[in-house]
Every structure is written in C-alpha cells, then in structure tokens.
Amino acid sequence: MPQDPDTPGDITALLQRWKLGDTGALSNLAALTYSDLHAIAAGYLRRESANHTLQATGLVNELYLRLIRQNNLKLTNRRHFFAFAAMMMRRILCDYARQARTVKRPGGQSTRIPLHPDIAWVDAAGEDMFALDSALNELETSHERQVRVVELRYFLGCTSEETAELMGLARATVERDLQFAKTWLFRRLSPQLGGA
Amino acid sequence: MPPPEQIEQVFHETMDLPQGVDRGEWLAKRCAGDEELLREVSSLLDANARMAGWEAKSEEPPRLPAGPFGVYRPVRLLGHGGMSTVYLAERIDGQFEQTVALKVMAAYLSGPEFLRRFQTEGRVLASLNHPNITKLLDGGVSPAGEPFLILEYVDGESLDSYCDRHKLPIEARLRIFVQVCDAVDYAHRNLILHRDLKPGNILVTAGGTPKLLDFGTASLLEADAAVTVTRARMLTPRYASPEQLRGATVGVASDVFSLGVVLYELLTGAWPFGTSPSVLTDLRRAAGEAVGTQPASAITQEAAALRAQPLRRLRTALSGDVSAIVMKSLENDASRRYATVRELAEDIDRFLQGRPVRARPQTFGYRAGKFLRRRWLPVGATTVFVAGLGTATAVAIQQARSAHAEAVKSQQVSQFLTGILGATGRAQFDPQKYTVAEMLDAAEERLAKGPKQDPLIEALEHSSLARSYMRMRLADKAMAQLDQAIPKLETLGDDGALADALEAKAMIAQDRGHLDAAVADWERSLAILRRMGRNAPAVLVFDAKDNLAVTLSFLMHSQKERARQLYGEAIAMARKDASIPRTALATCLAHNAELLSSDGKDREAEAMLLEALSTGRQEDPGGQWEFSPLFFLSGMRASDGDSRGAKAYAAQLVEVANRNVGPDSAEVAQAKLTWALAAAKTGESDRAAQAISEAMPVIEKSFASPSLDLWFAGRNASVVMRMAGRYAESERYARLSLKVARDAHIGPSDARLGNSWEALGEALCAENKFVEGLDAMRQAKSIYEKAGPVWAAAAARVTGRLAEIATKAHSR
C-alpha cells in the first residue's frame, strides 16, 4: 500500500474516494486506521464499563479530532466518516471478542458489558459478538440500510436523531429500522445468547 | 421466500396495531393464504415478545459476592461505579451495629494499572477529612483476590432526585450546591481533583447534608501527565469538560466545568448541550464548538413544578446573575471559567446575598444598573459603596496578568477598601452620615497621600475609583483618576486594565461632547484589545465596538460605513458569545437601528428595535436596558406620524425609568420629555408642557453642555412648549439646544445644528420676532440642504415654512 499510515490527509482523500463509489478505498481506509482504532478500542473494553455500556465516543473522538485538526473535514465527509467509524467499531469489537475468547479472564467470574442498553442481551465482551457479527452479515444481504443504522446506533452510540441525520433518513424510519433489525437479530441470536 | 420489503411492511403494520386487536387473526387475514409470509412475520412477532421478556428478566438483582471482605460481608447491592460495585455491608463479627458501604473492584478489571488506581482512591480518601466527603474506614483484598474499600455508608439519595422530590426552590438548591463546592474546593486545596463529579456521586442525607462520593477517578494534581491522560478516558461524558473529552491533561477548571453542568441541571432539569450526550454532541464539545443553552431558555413547565415556582417567575430568576454564574462555569475555554471552585461558590453566595456577582460581564451599564437597583434596598450606604467599588476593582484585577499575583492583589485591594472607612478619622463610622461621594473623596485622599504601594495595584485603584465616580456622574473627578491610572498602566504594560481605563475615559469624553477625543480613545482601546487576541475580554471588545460605532454614527454622523461594520461585528460576536449579556446585545441592536433609520431604512430599523426588545427581555424583562429600544421606538413611531404609538412607547419608557432608576432621576426626566413630545401631538399640550417643566430642571442639573443629551432635551422642550403656546420658554430651550450644538464638536453641516436653528426660528416667529426668526430658519434650511438626502424633506419643510412666515409677517 503506497500510503503513509501517519498521514491523515490520505484518510480524508480515501473517504472522498469511497464516497465517490471506490469500494477499494474502504479497505485501504481500514488498513490505515485499523491499528490505531484497535489499540484505543482494546483499551476501552479492558477498562471501560461505566454505566454498563460501551463508550465509543472517545475512540471516534481521537480519530476525528486528528482529522479535523490537520485537514478540515467537510460535512459531506463527516457523514462518511461516521459511517466508516461505525463499521470499524463493529469490526474492532468483534476482533476483540475473538481475542478475549483465548485469554482467560482473571478471577474466573465474568462480567457482562452490554453492547448498548437497547440490546442489552448482547455481551460486548463475550462470544455473543461473533454471533451478532455473522447475523449482521446475513441481515445485510436483504436489509443493508438497517445494518448501517444498527452500526451507527449501537456500535457508535449515535442517538436516533443523529443516525437519521447521518443516514439522510426520517427519524421515524430509523426507529422502525431499529425495531425490525433488533427483532430479527434477537430471533437469530436468542438460542445462543451467553447471558440469556 | 417473500421479498424482504413485504416481510418488513407486514411486520410494522402488525406491530403498529392498536391494543386489543387480535394480532394473530389480523395477520392471518393480512397474509391471505401466503403461508411463508405468515410464518416469517409470526416468528418475528414471537421473537419481539421474547425480547421484551428478556429485558424484563434482566432487571433481576445479581448475586452477592462471597467475600469475606475483612470483617464485613455484603448485604445488598447499592450500585455500580465505573469499575467497581458498591454494596451495603455489615460486620461479620457482630461486634458493633455498623452498616458500611463496601466497594469491590470488578474482578475482570484487575491488573496492575487498576490496582494502582484503586489504591489511589484509598489513599486519597484516607487523607481527606471534611463533613461533606465520605470517610474511608478500611480497605484490603478479599480471599478471591478482589481489592475492596470500606467506606462510611451514606443513607441518602442522589443530589438531583433529593432536590426534585422535595420540590426545592432555586435558592435552596443553590445553598446545597455551595456545600458541594466547599467539599470539592477542600479536595483541591489538598491537591486532589475529583474528575467525575455528577449528581449520582453526590448523596444528600435525610437531614439535607450533601456528601461527596467516589474518588475512583480522582487524581493528584501533581501526578505525572502521562498517567492523567490515560485516566482521562474514564469519565461520564455528560459531565465531562471539553478538555476531558479531548483526552487532554485536566486541572481544577475541569472540576469547575463538571460542577457547572451539575448546577445547570439542578436549576433547570435539562442538560445544557442538547437532549442527551451522544457521539456527535461529545465531538462538538470536545472541539470546543458547543455553546450551552441559556438556563432560562431550557426550563420547562414540568421543571418549574419541581422547583415550586411558576414558569415565568423561574425564567426570570434564572436569567441575569444566575445565568452568568452557570455560563461562566461552562466556558469551553478553561481559562475563562472560574479559576477555582471557591470563586464559583463565592459568586453564588454573592448572588444569594443580592450583591453584584463577578461572573456578570463587567460593563459600566451593568454595574450602574445593579448599583441603582440596589439603591432601593434598605441597606447602609457603606455596603452599597464597598460592594460597588469592590466589583469595579474585581474587573481590573480579573484583567491583570498573572493568576498568582491576583490573589495577593485582591487581598491588598480589599485592605485598601477597609482602610477607606478608617480614613474618615472617626472611631465610630456611621455610614448613614456620609454620602457615597464623600466616601469616594475619602478614598481618593487616602490613595493620594497614603503610603506608596505596588504600582500596578495603585493604578488599578485609580481605575476603580474612576469607575465609582462615573457611577455618581462626577465626570471631572473620574477623569482625574483616569489621568493618573492610564500612564501607570502604559508603563506597566497591563493591556487588559489599560483598555478598560481607556474605554472609561472615552465614555466620559463622549458624555462631554468631546467626540474626537472619545473616538481616539476607543480606537486605541480596540487596537490594544486586538493585540491581546484571544486573551481580550469579550465584553470589552464588544463594548468598544458598540460605543465607537455609536459615536461615529449616531453622534458624529460622519463615518457611517465604519460604524455599520463595527455594529455588524459587535452583533455577530454577541450572537455567538453567550458571555455578553443579551441586554447589551439589545442595546447595540437599538443603536444599529438608529443608524438604519438615519439612512432612511425605517422599516428595517423598527424590526431591529423589536428584535432588541425581545432579545433583552429573555434576560431581564423590564430592566433599565429597555430604555434605548423604547426611546428609539417612540421616536420612530413619531416620525411615522403615529403619535399615539409614540406616546404608548414613551409611557412604557417612563415606567421602566421610574422602576429602575427612581422618580427623580435624569432617566425619568428624559422619558417624560419623550412622552411630552408625543402627547403634545395628540392634543394633550397642557399635560405635555407640565411634564416638560418637571423634567427640564432635572435634565439641566444632570447634564452639562456640551452633552448631547442636553441638546436633545432642549430641542424637544422647545417644540413642546411652542405647541402649548408657551413661546418664551420655547425660545429659551431652543437657545439652550443651539448653545449645546455649538459647544459640541459636531460638523457645521450636522443636521442637529439645523434642528436647533429651526426650533429657535419657530419660537421667535411665534413670538412675532420675525426678522431674527426668519434668519434662524434660513440657517436651518442651508444646513439641512448640506446634510444629505435624508434631510431633503426637512429642507423642503423649512423652505415652505419660510414662505408661510414671510407672508404672515407681511400681512401684519
């Protein structure tokens, strides 16, 4: 890959290319930001369970601030940035769960970290995450938009209003999409939920 | 398989069915034989129901850890912290009847970093001994390897729910909050930051004592920066400061911010930055782009009920000083917040005692307003004086350079203030026997003859004395103090204090009609503020721009383009910067409207005046600031030929002045004059003349030539008296206004000079002194003709009158 991973200017350019339909840009983007995001996210999961939900904010914050500080991120890019960040967050959390499976937790007793209060049945620190990941992949084949909404809302922690703004949807549509996706995912996952 | 859109569609339709409709039956009908669709949607509905069941079940309490934890065992769960769980616990050995709070660190979190943090909390708490901070009793590690702390158990509820349940009014909430501040300030003085202040970490006992909990994220102020940064990520975003959200190193100001959010919520029941925190609001806050909503705007009917106050009253209570205090704590820029929690608490105390608060942007108008309002309270003159002078001094000090020096200075200045009282040479000082002016003179004498002190403090004292004299309308004495202060501040290079002193000087020059001098001082002040960049106090910049624009346009009628630009900048600045009072913005809008109207844009001007009224009323309905917009609105209605409308606004003006400044004031006299002008035109010329003869003596005593206030009053009084048939008085007032216009340094083609000539001409002709009268009218005509297109109508009017009067003179 020709890009210098420390140059956020390239990240912005890639976001632009991705927006214009260059799907290859997405994997480049992922490669450029993955290690950073992953390191930060891992830190979060290890330490953070305040309010018993996952806080994606700080993670996205760091990347976002880095981008806007050095390269004025425009509104059109912002939408893409968040869509991208949400996808990355999902990938990172699943990877983290995969690693965690091989590392036995000290103390023996496990503590659940619900991914989001709305879907508290998914333990972000456990095996539920693979199941969720593959369920989302499956749902994506028929309901792509709903999966993007789930990512923004549950993985990135956007509010419904913000999700609507970022997706260019009406808020009512976002609520319906969530209702449907949640139900669909629960049906798919309930036989194997860790804490359920 | 049916198409996904259809499944979705039918699923939503079924979910949306009203209660009581049999879903199964409805669905079977809806699917009309499409078995696959029916099966698919049914299974989704079933999953949805099970999901709801799971959510209900998950609320069951988790089991208690086995322990033992020292000599304690957990009894029931109290709550979850960021990285620990808190239980109610009791002694195993039953030696004492003692319930305690047991804080157990989450096992999966254990690791060297977390163990260290946990131990930090233990050390921190053990070192603190304050009635509003929970005490640490014991600590250790359980057999299962879980670190734990034993804390004093506080049987109470969180700060917000306590206040709401008891429906505490604003003052009671503020009193509890001040105690919380004391606890935080105590911790700060022990070099400990809390860093996770929120209502849930503040419990209030049944007796109403707040107790600060959870030093789990506390850090020592002197801890090394790297550790602080790592730890900064553990926070509650709702209460976190922008710098915390950025993951930057945080200081005392960060706790001030969190307390600000807690206070805001206590007062309004709402979060200052929107409905609730989310990724986007957090990012905006981290980037320093979010500005909190004014408390008065955030209040709802429901919140008002929980504060046992009607909505409107609560809105009023939450504007002004309270708003200034909260918003100063919530500044994005840490350096613009209160420097310490103590200062925040002191300002709240000041508010509770009805004294001027420091958070309030310090403009002359505000201080005068606060001062005048207080004059009606039954308090001794000393208190008024000291508080007033103290505030003025505080401004100067606020703008002084180093934070450390500030503490020393403020102490010395208050010693100076105490000294003033002794300077009268009486052991028993009786404030009732001395006027404020006499006390200021005593202060001046002491400053002139007293022992030499730090030159900066001396300069600041001269400045603050000048401000106090200005408040008393003792312009000469104020100027003498400024003449001493300014060279000293120039030598010392204290930009903020210098800009402030120059603005004061400009204000006096403008009052005296020395407009060129005023402009020069404001320009200098602005240049200094520009040089200070981001450190320039926003209010000073705003004031300088507004005042300079007033002088350039309204008073000098010369550089209108520059004035337009300055107004634009000042208004844009105030719209963005909540630290500038809405009332100041309203006044600035009124000034700008005057400029628009002088360009003939009356419609726009009137709209702007109405905007000014609604803007200022958000903060201080019926306050002194309403003077400018009401005054101009009355004038606009009058020039539109709507004398009734003009009179209605003028009546409001009299009321506002009466209420805010008192019946014998220059402001009430000016308001009466405006009313008289409108009343004379609606046929009430006798009452109008009566109002003039009440108002003019006050005005002539309050303003010395070449004050433009005096010019304006003289011209209007002349017009009203002529309409009432009192021609000799009309002539006298016209001559007064002409003298002022000549004394003032306005240009030879300034329309106001024409105005005065016209009034004089009309008065003289009414007295049948035609030769002199016609001469005056010709002067007026030639000035109007040179004054620009807006005055063409006036020129035409005078030309017409000249012809009429000449005919009349001939016929006699």
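The values are calculated or read from the model by the stated rules, or taken from the named source; none is laboratory data. Just so it is clear, the model here is predicted, and its values are computed rather than measured. Because the Cβ atoms are built from the backbone with ideal geometry, glycine has one as well, and the counts that use them run over all protein chains shown.
Quick notes on this structure:
- Against the test of being more than 24 Å from B:Gly292 (Cα to Cα), small (Gly, Ala, Ser) and surrounded by 24 or more Cβ atoms within 10 Å (Cβ to Cβ), the options B:Ala607, B:Ala593 yield a single qualifying residue, B:Ala593.
- Test: residue in the stretch B:9-16 that is of a type in the set (A, V, I, L, M), free of Cβ contacts under 8 Å to residues at least 60 places away in the same chain, more than 10 Å from chain A (Cβ to nearest Cβ) and over 24 Å from A:Arg145 (Cα atoms): no
- Residue within the stretch A:146-164 that is within 20 Å of B:Leu44 (Cα to Cα), surrounded by fewer than 22 Cβ atoms within 10 Å (Cβ to Cβ), within 11 Å of another protein chain (Cβ to nearest Cβ) and modelled with pLDDT of 80 or more present: no
- Cβ-Cβ under 8 Å pairs, at least 6 apart or on other chains, the stretch B:639-654 side closer than 27 Å to B:Trp791 by Cα, far side part of a loop (DSSP other than H, G, I, E, B): B:Ser643/B:Thr682; B:Arg644/B:Thr682; B:Lys647/B:Thr682
- Test result for B:Ser219, at pLDDT 85 or above, under 30 Å from B:Asn190 (Cα atoms) and of a type in the set (Gly, Ala, Ser): no
- Here B:His12 passes the criteria (1) over 28 Å from B:Asp196 (Cα atoms); (2) at pLDDT below 90 except the one numbered (2).
- When the stretch A:165-179 is limited to residues that are surrounded by 23 or more Cβ atoms within 10 Å (Cβ to Cβ) and under 21 Å from B:Thr14 (Cβ atoms), the one that is nearest to the other protein chains (Cβ to nearest Cβ) turns out to be A:Asp177.
- The single condition from (1) part of a helix (DSSP H, G or I); (2) closer than 30 Å to B:Ala517 by Cβ that B:Met777 fails is (2).
- For B:Asn768, the conditions (1) assigned to a helix (DSSP H, G or I); (2) touching a residue at least 40 places away in the same chain (Cβ under 8 Å) are fulfilled apart from (1).
- Index of the failed condition, B:Asp516 passing every other in (1) in contact (Cβ under 8 Å) with a residue 40 or more places away in the chain; (2) crowded, with 16+ Cβ neighbours inside 10 Å; (3) not polar (S, T, N, Q): (2)
- Looking across the stretch B:692-725, the residues that are under 21 Å from B:Gly662 (Cα atoms) and of a type in the set (S, T, N, Q) come down to B:Ser693, B:Ser702.
- Among the residues making up the stretch B:18-38, those that are loosely packed, with under 13 Cβ neighbours inside 10 Å and not charged (D, E, K, R) are B:Pro18, B:Gln19, B:Gly20, B:Val21, B:Gly24, B:Ala32, B:Gly33.
- The set of residues in the stretch B:30-48 that are of a type in the set (Asp, Glu), away from every other protein chain (no Cβ under 12 Å) and either closer than 15 Å to A:Phe180 by Cβ or in contact with a helix residue (DSSP H, G or I) (Cβ under 9 Å, 6 or more places away or on another chain) (or both) contains only B:Asp34.
- Evaluation of B:Asp160 against (1) touching a helix residue (DSSP H, G or I) at 6+ places or on another chain (Cβ under 9 Å); (2) modelled with pLDDT under 85 (one fails), failing number: (2)
- When the helices (runs of 4 or more DSSP H) confined to the stretch B:530-634 are screened for residues that are closer than 26 Å to B:Leu515 by Cα and of a type in the set (Ser, Thr, Tyr), those reaching at least 1 such residues are found at B:560-576, B:582-598.
- Sole exception among (1) within 22 Å of B:Val100 (Cα to Cα); (2) at pLDDT below 90; (3) not polar (S, T, N, Q) for B:Ala187, by number: (1)
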